[in-house]
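Peer 1: Quick one: the structure is below, and I'll ask about it shortly.
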Amino acid sequence: MSIDTIQRVVADHFSLHVHDLTGPKKTKDIAGARMIAMYLCRNMTQNTQQLIGQEFGGRNHATVIHACKEIEKNCLKNDDLKHVLSLLKKKILDWK
């Protein structure tokens, strides 16, 4: 499982480009997709927070930690987010 694969699947799911996830834009839709992608990278790979941050446009590890905490917190009260994460995990595992 690679960060690149996760970025591609998440970008495709949200009708974005990978450079949207790795770039500086902070619009709500891009930032949300980026946080989901970071969360999935942290939970589906063995990569460090530092490396994940680097692969998302040179962000630091604290940004990755924040993204993971936000997604975990939002999952507790948002069933739609849980469904999206489940769907994305399946797409990532099926990616060829």
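The values are calculated or read from the model by the stated rules, or taken from the named source; none is laboratory data. Computed from a predicted model, the values in this text were never measured in an experiment. Cβ placement follows ideal geometry from the backbone for every residue including glycine, while neighbour counts extend to all protein chains displayed. Surface areas here come from the heavy atoms of the whole protein model, side chains and all, with no ligands, DNA or RNA. Shrake-Rupley method; radii C 1.70, N 1.55, O 1.52, S 1.80 Å.
Peer 1: What number goes with the only condition from (1) assigned to a helix (DSSP H, G or I); (2) without any contact (Cβ under 8 Å) to a residue 40 or more places away in the chain; (3) open to solvent by 50 Å² or more (accessible area, probe 1.4 Å); (4) over 17 Å from GLY32 (Cβ atoms) that SER86 does not pass?
Peer 2: (4)
Peer 1: Right, next: Take the residues in region 13-48 that are among the polar types (S, T, N, Q) and open to solvent by 50 Å² or more (accessible area, probe 1.4 Å); name whichever of them is nearest to the chain's Cα centre (by Cα).
Peer 2: Within region 13-48, the match that is nearest to the chain's Cα centre (by Cα) is ASN43.
Peer 1: Give the residue that is most open to solvent (accessible area, probe 1.4 Å), with candidates limited to residues of region 49-74 that are at negative phi and assigned to a loop (DSSP other than H, G, I, E, B).
Peer 2: ASN60
Peer 1: Can you pull out every residue in region 1-48 that is among the basic types (Lys, Arg) and in a helix (DSSP H, G or I)?
Peer 2: Once the filter is applied, which keeps residues that are among the basic types (Lys, Arg) and in a helix (DSSP H, G or I), region 1-48 yields ARG8, LYS28, ARG34, ARG42.
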